[in-house]
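Each remark here refers to the structure printed beneath this line.
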Amino acid sequence: MVFSSHIFLFWFLPLALLLYYAVPVRARTLVLTLVSYVFYGWWNPWFTLLMLFSTAIDYFCGAAIAREGATPRQRKVALVASVLSNLALLGFFKYALFVSETFGKVATIFGFGEVPLPAFLSHIVLPVGISFYTFQSMSYAIDLYRGHAVRARNFTDFACYVSMFPQLVAGPIVRYGTVAEQLHERTHSLEGFVAGLTRFNYGFAKKILLANPMGRLADLAFEAGAPGPEVAWAGVLAYALQIYFDFSAYSDMALGLGRMMGFRFPENFNSPYQSTSLTEFWRRWHISLSTFLRDYLYIPIGGNRMGSVRTYLNLLLVMLIGGLWHGAQWTFVIWGGLHGLVLALERFGKNVLKISPPRPVGWTATTLVVLAGWVFFRSPDLATALDYFSALAGREGEAASSSVLAAVFFTPVNLGQLAGCAAVAWFLPNSGRWLHTLTGAKVALGLVLICVSVRVMALQGFNPFLYFQF
């Protein structure tokens, strides 16, 4: 189930909170774990076994790493077992078909003939949120090995950490050290509950009132056979706003739900579209993923400690992997490569050429790079992306269809929604900053927003969460 659904809002969440607060404090972590497994199993009950398997592997590997008297070799073997098991699960369910198809195409190109794909590959179903919970679970063993975390007190605490439904399927990616003490002892208060409820309400409204209308416009442009340049530019802007509001809304709801049960999760967004460089963008966009890639990939392979050329290559490699993490398609790889290349160029310009562009220039350049990247991110294949770029460059579609599309797209309501969402994303403070200090007016506004959003949700036919596919 998704947060923006009637079954979650009016059935699952009230029952989960009722059970959570009805039991003694010492049993609440167990209750949260059980309801989280129900939440995850709603899509497919068999997926819970996969998550339980991953959880058990990392818990016991972590125990071996932290065991008193363990030799360096034993600790390293346990770490490797944890990392390889998680990557194997992720690789099989997410990348097996992609790798097999790519291998087949390469074999055909080099004259080895067509390589038949195993039939079972086409039947693999990607478990929801596997990219998030495998990274999160794997980080526990890595942090134990590095001495950055303490061993989980018991299996229930660790299972709760991996499976917590607020951030299970789309983040933020929470490290065990961040919530270790909270799993054992956390503060439950009316003030905290109201703060969490208000954050959830704002996130819910952001999803229904901002993300979904932008998604409808983005689909209108990207799924048109031949959009004109005006519709193409407006469409990629709409998609940029959709993916931001969609994902930041989920993060707002996750942080709010966690706060309602006494947890404090780290912020995941900080007005990324206000950035004046791509480097700054990645400090503000999906913060938990960017810091994960930095701490568990970029720094271990050398970071910026091995000379300029190696630094540029490391940036490119990390972003290529980050792109592939989002999806098993070449468009995601190209998206990551574009970001990695621009990050390297920015570092070269700053450190070698000593270039520091004015803020308006930096903001404009960063926005154009981000929008260009979203074209690859949104397109189902490279050919579609290149076709869309040709529309952005000024290629006119068939006159009659382009005129009809423009007439449907550029209505006063659509233009008003597009302008309003752009103003919120580019000029207003983000929800975390806005709600840092809570007032009665903000709480009341949140209640009004969720009432309006529930009503609007009943009228919407378009209500996906984009990041569930990752």
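Derivation of every value follows stated rules applied to the coordinates shown; laboratory data play no part. These numbers come from a predicted model, not from an experiment. FYI the Cβ positions are ideal-geometry reconstructions off the backbone, even for glycines, and counts take in every protein chain you see.
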Legend entry - Furthest towards positive pole of dipole, SER277, ILE7, ALA406, structure part the chain, Cβ charges: SER277
Inset, instruction - Taking the Cβ of each residue in TYR133, TYR21, TYR312 as the centre, tally the other Cβ atoms inside 10 Å and list the residues starting with the fewest. - result: TYR21, TYR312, TYR133
Inset, instruction - Bin width 5 Å, alpha-carbon pairs only: give the P(r) of region 278-405 as whole percents, running from 0 to the bin holding the largest distance. - result: 2, 10, 16, 21, 17, 14, 9, 5, 3, 2, 1, 0
Legend entry - Among VAL194, PHE165, LEU418 - extreme Cα towards positive end, dipole of the chain, charges at beta-carbon: VAL194
Legend entry - Computed magnitude of the charge dipole of region 6-186 (debye, nearest 20; Cβ of K, R +1, Cβ of D, E -1): 420
Legend entry - the chain - percent relative contact order, Cα under 8 Å, separation 6 or more: 18
Legend entry - Alpha-carbon Rg with Dmax, taken over the chain, Å: 23.1, 76
Inset, instruction - Using label points projected 7 Å from each Cα along Cα→Cβ, tell me how many nm separate LEU415 and ARG264, to one decimal. - result: 4.7
Legend entry - For region 375-451 versus region 269-298, the gap between their alpha-carbon centres in whole angstrom: 21
Inset, instruction - Please report, in cubic angstrom per residue, the volume enclosed by the convex hull of the alpha-carbon atoms of region 217-354. - result: 150
Inset, instruction - Using 0.36 nm per residue of separation minus the Cα-Cα distance, give me the extension gain between ASN154 and GLU68 in nm, one decimal. - result: 29.3 nm
Inset, instruction - Provide the gained length on full extension for the span SER308 to VAL352, in nm with one decimal, where the gain is 0.36 nm per separating residue minus the Cα-Cα distance. - result: 14.9 nm
Inset, instruction - Just grab the label-to-label distance for ALA365 and VAL23, each label 7 Å out from Cα along the Cβ direction, in nm (one decimal). - result: 5.5
Inset, instruction - Determine, for ASP252, ASP295, ASP246, ASP381, the number of other Cβ atoms within 10 Å of each Cβ, and report the residues in order from fewest to most. - result: ASP381, ASP295, ASP246, ASP252
Legend entry - Separation of the VAL404 and VAL125 label points, Cα + 7 Å toward Cβ, nm: 3.8
Legend entry - Length gained when the stretch LEU447-LEU15 is fully extended (0.36 nm per residue, less Cα-Cα span): 153.5 nm
Legend entry - Neighbour cut-off at most 10 other Cβ (10 Å), DSSP loop, chymotrypsin sites (Phe, Trp or Tyr not before Pro), region 335-380: none
Inset, instruction - Working from the alpha-carbon coordinates of region 6-186, get Rg over Rh, Rh being the Kirkwood radius. - result: 1.07
Legend entry - Of TYR388, THR311, ILE334, farthest towards positive along the dipole that unit charges on Lys, Arg, Asp, Glu beta carbons give region 282-404: THR311
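Select from the chain the helices, each a whole stretch of DSSP H, whose alpha-carbon atoms run 18 Å or more along the helix axis and whose Kyte-Doolittle mean is at least 0.0; answer none if there are none.
28-41, 45-66, 72-90, 96-109, 130-146, 190-205, 229-260, 308-326, 330-351, 359-378, 412-427, 440-457
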Legend entry - Spatial separation of Cα centroids for region 154-175 and region 301-342, in angstrom: 27
